[in-house]
Amino acid sequence: MPVNSNRPRLSAIIITKNEVKDLPACLASLAFCDEIVVVDSGSTDGTLEIAERVASRVIVRADWAGFGRQKQRALDAATGDWVLSIDADEVIPPELALEIRTAIESETHVGYRLNRLNAFLGKFMHSGGWTPDRPLRVVRRDAARFSEDVVHEILIVDGTIGDLPTPMPHLSYRDFDEVLDKLRRYALAGAEQRRNSGRGGSVGKAIIRSITTFLKLYIGKRGFLDGQHGFVAAVASSQEIFWRYLAAGWNR
């Protein structure tokens, strides 16, 4: 893309840990950005080699302090006027890339939410709490920061926020290995977050919360409309909640 000195510079930031399957497609979709910053947590599967071939900067920070703080490290390393925060299993289609460029050049807002389209075991989900999903991902760097949450971190901006319509594919949960791996990691991170905030958990809370989560997603949010994928997704979410609340209050 030709360089125009009058346009705002855009940095893409990504945190990684063993993302060799997903990272190439993500990086390829970021060609419209002026800078790509990758902060890695100690990958051992070739992720670093892939990142170093494409990214402007690759930083290794294996002292994991949670998603919020790791993403803040990436934000601090960026030099663009604007920042696009993206996960390794997400891609930016050309139409959305154009929307992002148009939005940051207009400077109507200090941040923009993207329309994330989530996949589960190969199927894009349209019910069960998977949509609408509009995370804040494009921000003016000098007006943004990440929350310090260990998991389910958010971007915080000082100013108004707009929305961009073109869907951003999120190619998550490709197979059962990934489902079970993320269930474990998110449950333990969520348990840590509960303990740190003094909320804890118990066997009773784990049972009640997991049942209500399943009913909310599968019935209340009509997850059954996504067929067997909706059922399995609701079960997986309820299992994560069960282990989160159990681990948060478990006394050995």
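The values are calculated or read from the model by the stated rules, or taken from the named source; none is laboratory data. Just so you know, these numbers come straight off a predicted model, no measurement behind them. Glycine gets a Cβ as well: all are built from the backbone with ideal geometry, and neighbour counts include every protein chain shown.
Confirm whether residue 102 is of a type in the set (Ser, Thr, Tyr), farther than 28 Å from residue 220 by Cβ and in contact (Cβ under 8 Å) with a residue 24 or more places away in the chain. Criteria not met by residue 102.
When we screen 110, 138 for residues that are within 28 Å of residue 64 (Cα to Cα), surrounded by 15 or more Cβ atoms within 10 Å (Cβ to Cβ) and of a type in the set (Val, Ile, Thr), the only hit is 138. Restricting attention to region 188-226, the residues being at pLDDT 95 or above and touching an Asp or Glu at 6+ places or on another chain (Cβ under 9 Å) number 2. Filter region 214-226 for residues that are surrounded by fewer than 18 Cβ atoms within 10 Å (Cβ to Cβ) and without any contact (Cβ under 8 Å) to a residue 40 or more places away in the chain and give the result. Across region 214-226, the qualifying residues are 215, 219, 220. Do we have residue 129 as under 21 Å from residue 71 (Cβ atoms) and either out of contact with any Asp or Glu (no Cβ under 8 Å at 6 or more places or on another chain) or among the aromatic types (Phe, Trp, Tyr) (or both) here? Taking the combined requirement at face value, the residue does not satisfy it.
If you filter region 1-46 down to residues that are touching a residue at least 40 places away in the same chain (Cβ under 8 Å) and of a type in the set (S, T, N, Q), you find that the one that is surrounded by the most Cβ atoms within 10 Å (Cβ to Cβ) is 16. Taken over region 174-195, residues that are farther than 29 Å from residue 21 by Cβ and either under 22 Å from the mean Cα position of the chain (by Cα) or free of Cβ contacts under 8 Å to residues at least 12 places away in the same chain (or both) amount to 1. Among the residues of region 67-112, those identified as at pLDDT 95 or above and among the charged types (D, E, K, R) are 69, 71, 73, 76, 81, 87, 89, 90, 95, 99, 101, 105. Comparison of 66, 122 shows that the only residue that is out of contact with any helix residue (DSSP H, G or I) (no Cβ under 8 Å at 6 or more places or on another chain) and at positive phi is 122.
To keep it simple, each residue is scored yes or no on (1) outside any helix (DSSP H, G or I); (2) closer than 30 Å to residue 105 by Cβ.
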{"position": "152", "(1), (2)": "yes, no"}
{"position": "165", "(1), (2)": "yes, yes"}
{"position": "168", "(1), (2)": "yes, yes"}
{"position": "198", "(1), (2)": "yes, no"}
{"position": "218", "(1), (2)": "no, no"}
{"position": "229", "(1), (2)": "no, no"}
{"position": "246", "(1), (2)": "no, no"}
{"position": "251", "(1), (2)": "yes, no"}
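If you go through region 176-183 one residue at a time, do you hit one that is in contact with a helix residue (DSSP H, G or I) (Cβ under 7 Å, 6 or more places away or on another chain) and either at pLDDT 95 or above or not assigned by TED's automatic domain parsing to the domain that holds residue 105 (or both)? Yes, region 176-183 contains at least one residue that is in contact with a helix residue (DSSP H, G or I) (Cβ under 7 Å, 6 or more places away or on another chain) and either at pLDDT 95 or above or not assigned by TED's automatic domain parsing to the domain that holds residue 105 (or both). Among the residues of region 164-209, those identified as of a type in the set (Asp, Glu) and surrounded by 15 or more Cβ atoms within 10 Å (Cβ to Cβ) are 178, 192. In summary, residue 238 fulfils each of the numbered conditions (1) without any contact (Cβ under 8 Å) to a residue 40 or more places away in the chain; (2) among the small types (Gly, Ala, Ser); (3) touching a Gly at 6+ places or on another chain (Cβ under 9 Å) with the single exception of condition (3).
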